[in-house]
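To start, the structure itself, in structure tokens.
The values are calculated or read from the model by the stated rules, or taken from the named source; none is laboratory data. Keep in mind that what you see is a predicted model, and the values were worked out from it rather than measured. Ideal geometry is used to build each Cβ from the backbone, glycine not excepted, and the neighbour counts take in all protein chains shown. The area values use the complete protein model at the heavy-atom level, side chains included, leaving out ligands, DNA and RNA. Shrake-Rupley method; radii C 1.70, N 1.55, O 1.52, S 1.80 Å.
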Amino acid sequence: MDDKIEQTLRQLQRNRMTGYFAESREEVTGLLSKLLRPGETVGCGDSVTLEQLGVYDFLRNGDFVFLDKYREGLSPEEKRELYIKNFSADTFLTGTNAVTRDGRLFNIDGNGSRVAPMVYGPKQVIVVIGVNKIVGSVQEAVERARQVAAPLDAKRLGKNTPCAKLGRCVDCRHEQRICNDFVLITGNFDKNRFKIILVNETLGY
């Protein structure tokens, strides 16, 4: 484990968020098996990292009540209902746009369905992060989210925004803009609520 990872894990702990280290992606589902209880209700945020790691399939095939927002044929109303149910889930699983070396999480969201349950609601929040998302400061976190993550995500989602075409943020006012909610998590009242899994691989955007 290099100094950057060790420092980040230590600072997360100081900010009352429990940090875990996974040397490879294969270790992630093993950690999740220990952190999740059979039969519990699990929600999720939109995350390329979780998709790359096979976490959604792990939840579908496990002994969990999975609030699967990716289920085929969901209407907008049904998807909104799942978003609301995430607030009362036992666990909410998500990625993050950036984590600072002093142990803070930064995210940009389009409609708040990912960041809102991180801030309040579920009894446990598990955030899975590739080491490529470790940055030195909040300013770098914002820059990374706006100039790297958001343009790639807008393109993935088929948005017609300038960033999807240009590959960079121009602070647009487009109706399909996905940079609407800027949320910085610096700590937590309940030190057992946030579990952060840092994976020693490049994952997500």
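Some observations on this one:
- Candidates in segment 82-100 are the residues that are among the polar types (S, T, N, Q) and within 15 Å of the chain's Cα centre (by Cα); of these, the one that is farthest from CYS44 (Cα to Cα) is THR100.
- Residue within segment 186-193 that is part of a strand (DSSP E or B), under 29 Å from SER24 (Cβ atoms) and within 19 Å of the chain's Cα centre (by Cα) present: no
- Number of positions in segment 121-141 that are open to solvent by 40 Å² or more (accessible area, probe 1.4 Å) and either in contact with a Phe, Trp or Tyr (Cβ under 7 Å, 6 or more places away or on another chain) or of a type in the set (Asp, Glu) (or both): 1
- Residue list for segment 170-185, restricted to those being outside any loop (DSSP other than H, G, I, E, B) and of a type outside the set (D, E, K, R): PHE182, VAL183, LEU184, ILE185
Here is a yes/no grid of residues against (1) farther than 30 Å from VAL135 by Cα; (2) without any contact (Cβ under 8 Å) to a residue 24 or more places away in the chain; (3) in contact with a strand residue (DSSP E or B) (Cβ under 8 Å, 6 or more places away or on another chain):
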| residue | (1), (2), (3) |
| --- | --- |
| LEU32 | no, no, yes |
| VAL42 | no, no, yes |
| TYR56 | no, yes, yes |
| ASP63 | yes, no, no |
| ARG80 | yes, yes, no |
| PHE87 | no, no, no |
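- Among the candidates CYS163, CYS172, the residue that is without any contact (Cβ under 8 Å) to a residue 12 or more places away in the chain, at negative phi and either of a type in the set (A, V, I, L, M) or open to solvent by 10 Å² or more (accessible area, probe 1.4 Å) (or both) is uniquely CYS172.
- Contact map, segment 1-14: first residue in contact (Cβ under 8 Å) with a residue 24 or more places away in the chain, second residue among the aromatic types (Phe, Trp, Tyr), Cβ cut-off under 7 Å, separation 6 or more or different chains; pairs are MET1/PHE21; ILE5/PHE21; LEU9/PHE21.
- Selection status of LEU203, touching a residue at least 12 places away in the same chain (Cβ under 8 Å), over 25 Å from THR91 (Cα atoms) and either in contact with a strand residue (DSSP E or B) (Cβ under 7 Å, 6 or more places away or on another chain) or open to solvent by 20 Å² or more (accessible area, probe 1.4 Å) (or both): no
- Scope segment 44-100; condition aromatic (Phe, Trp, Tyr) and farther than 15 Å from VAL115 by Cβ; matching residues: TYR56, PHE58, PHE64, PHE66, TYR70
- In the condition set (1) under 25 Å from GLU23 (Cβ atoms); (2) part of a helix (DSSP H, G or I), ARG146 is compliant with all but (1).
- Out of GLY130, GLY103, sole residue that is of a type outside the set (D, E, K, R) and on the phi > 0 side of the Ramachandran plot: GLY103
- Subset of segment 10-62 [among the polar types (S, T, N, Q), closer than 22 Å to GLY187 by Cα and in a strand (DSSP E or B)]: THR18
- Considering residues of segment 25-54 that are open to solvent by less than 40 Å² (accessible area, probe 1.4 Å) and more than 18 Å from the chain's Cα centre (by Cα) only, the residue farthest from GLY103 (Cα to Cα): GLU40
- Only one of GLY45, GLY95 that is under 17 Å from GLY204 (Cβ atoms), touching a helix residue (DSSP H, G or I) at 6+ places or on another chain (Cβ under 6 Å) and not hydroxyl-bearing (Ser, Thr, Tyr): GLY95
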